[in-house]
Amino acid sequence: MLSSISLRHMRVFVAVADHGTFTAAAEVLGLTPSGLTATIRQFEDVAGTPLFDRTTRQVTLSATGARFLPTARRLISEFEEALGDLDALSKGIGGTIRIAAAPSVLTRILPGVISRFVDEHPDARLRLDELNAGEVHEAVARNEADFGIAGEWHALPDIAFSPLFSDRFGVLCRPTHAFATRSAIAWSELADQAFVGLGPESGTRAMMAAQGSWAGGAGGAGSTAGSGGGGAGEVPVDPAEVGASDVLKRAAALGLPEAQMALRRANASERAIERVAKMAKPRQSDAVQNGNGGGAKDGPGSAMIDPVAQLRPIVETSNTLTLAAMVAEGVGITVLPELAARVADLAAPGKLAFVPLCEPVRKRPIGIITRQSRSLSPIARIFLAMVMEQAPKMDLPAAIEWG
């Protein structure tokens with residue numbers, strides 16, 4: 001029975017995979033070669049499949065063993081971490097806090113909080129994972145993080161989002177660009193610009209489109225139809241651009257970790273676009289029925305085209321610092337929330353300028369992501385309270401709105 005497999009089997013399996021021979025693994029673990037061999041055979045008998053391919057000179061992982069190895073490593077790591085937490089909690093000195101957060105939060109907000117926290121709680125340990133918004137929500141849902149700090153994303157069961165602050169979107173460009181001397185830029189002015197941007201897995205594009213789209217917000221978008229634009233009842237974002245291909249789905253089904261991650265991102269992006277569509281259709285219908293919408297129309301009764309839908313990146317990346325480097329080299333301009341733009345500036349100090357976007361003003365909400373059915377540990381609650389108390393006092397963009 002699979003239930004008879006223990007942590008001892010996992011440790012022996014990983015040791016053989018790491019050292020390549022039963023003899024070397026036995027020496028590291030302090031076991032006899034015959035005892036280690038018996039453990040591996042027992043593991044394979046219970047699993048019903050070989051974990052290693054053996055020759056007279058070497059031992060290599062079988063296809064099944066190679067797929068199972070990352071899981072075995074994770075199980076051992078989580079067990080050891082849990083024992084450390086239990087020991088720390090029994091002594092009242094802390095434990096490990098696992099935090100998943102957006103890059104801008106990790107770079108601009110958490111370091112100052114952590115500096116004070118480790119002084120007051122030297123026996124506590126922190127694990128920080130830099131993820132995009134969708135990945136943060138999923139990490140918390142899978143119990144891979146105690147809590148997250150990131151943008152709002154698609155709804156997941158048992159996940160709660162508590163707003164912390166919001167920052168506005170703006171243009172990031174070179175100081176020599178015509179936009180750099182402006183106090184504000186309308187979204188419609190971006191239509192003819194060379195544009196580089198974060199990929200759909202980041203959630204930034206969907207977040208921009210979800211706020212004030214179609215109706216044009218304060219004063220309207222004022223853009224006309226362009227490539228990828230949709231008619232009445234349509235969302236001018238092509239889900240095929242972010243959807244999962246059949247090849248990707250087949251690779252994920254085979255258990256390839258990279259393919260599984262890409263598939264989760266593609267599915268998350270599709271759900272985000274669906275959410276935008278649901279929000280957009282009523283507003284678009286109103287604009288068509290009223291014959292207006294605050295901006296330009298293609299003709300009598302035609303639908304507004306959201307300016308965000310017109311931003312077709314010539315370069316896409318998943319990394320903010322890479323995006324900043326593209327802008328600094330003059331490949332194009334980009335759109336980022338202000339806090340993320342501050343982080344991007346670290347990649348090219350003095351080579352970038354941030355100008356707020358208006359008509360409409362759109363903002364990125366950042367909040368605390370937790371599981372409703374699982375309470376935080378005492379040490380995690382202390383850290384989170386420190387974040388909420390200290391963050392508003394930091395040297396952050398003045399336009400950030402707290403709460």
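The values are calculated or read from the model by the stated rules, or taken from the named source; none is laboratory data. Just so it is clear, the structure is predicted and the values come from calculations on it, not from any experiment. Cβ: placed from backbone, ideal geometry, glycine included. Neighbour counts: every protein chain shown. For accessibility, only protein heavy atoms count, side chains too; no ligands or nucleic acids. Shrake-Rupley method; radii C 1.70, N 1.55, O 1.52, S 1.80 Å.
Things worth noting here:
- If you go through region 41-79 and keep only what is closer than 30 Å to ARG127 by Cβ and charged (D, E, K, R), you end up with ARG67, ARG73, ARG74, GLU78.
- Filtered residues of region 351-377 (kept if part of a strand (DSSP E or B), of a type in the set (Gly, Ala, Ser) and within 15 Å of ILE159 (Cβ to Cβ)): GLY367
- The lone exception for VAL113 - which of (1) assigned to a helix (DSSP H, G or I); (2) more than 23 Å from ASN319 (Cα to Cα); (3) open to solvent by 60 Å² or more (accessible area, probe 1.4 Å) it fails: (3)
- Residue that is least open to solvent (accessible area, probe 1.4 Å), among those in region 66-84 that are in contact (Cβ under 8 Å) with a residue 12 or more places away in the chain and of a type in the set (A, V, I, L, M): ALA72
- Just one residue in the set ALA324, ALA380 is of a type outside the set (Val, Ile, Thr), touching a helix residue (DSSP H, G or I) at 6+ places or on another chain (Cβ under 6 Å), assigned to a helix (DSSP H, G or I) and in contact (Cβ under 8 Å) with a residue 60 or more places away in the chain; that residue is ALA324.
- All of (1) more than 20 Å from ARG342 (Cβ to Cβ); (2) touching an Asp or Glu at 6+ places or on another chain (Cβ under 8 Å); (3) at pLDDT below 90 hold for HIS121 with one exception: (2).
- Residues in region 328-344 that are under 22 Å from LEU106 (Cα atoms) and either hydrophobic (A, V, I, L, M, F, W, C) or more than 20 Å from the chain's Cα centre (by Cα) (or both) were compared, and the one that is surrounded by the most Cβ atoms within 10 Å (Cβ to Cβ) is ALA340.
- Residues satisfying the stated conditions in region 1-35, i.e. of a type outside the set (Gly, Ala, Ser), open to solvent by 80 Å² or more (accessible area, probe 1.4 Å), in a helix (DSSP H, G or I) and free of Cβ contacts under 8 Å to residues at least 60 places away in the same chain: LEU2, ARG8, ASP18, HIS19, THR23, GLU27, VAL28
- The residues in region 136-152 that are touching a residue at least 40 places away in the same chain (Cβ under 8 Å) and either open to solvent by 10 Å² or more (accessible area, probe 1.4 Å) or assigned to a strand (DSSP E or B) (or both) can be counted, and the count is 11.
- Filter result for GLY94 (closer than 30 Å to ASP395 by Cα, modelled with pLDDT under 90, part of a helix (DSSP H, G or I) and open to solvent by less than 30 Å² (accessible area, probe 1.4 Å)): no
- Residue check for ALA133: within 24 Å of GLY403 (Cα to Cα) and touching a residue at least 40 places away in the same chain (Cβ under 8 Å): yes
- Unique residue being among the aliphatic types (A, V, I, L, M), surrounded by fewer than 18 Cβ atoms within 10 Å (Cβ to Cβ) and in a helix (DSSP H, G or I) when the list is ALA155, ALA180, ALA160: ALA180
- For the criterion of being open to solvent by 30 Å² or more (accessible area, probe 1.4 Å), assigned to a helix (DSSP H, G or I), of a type in the set (A, V, I, L, M) and farther than 30 Å from PHE383 by Cβ, ALA38 passes.
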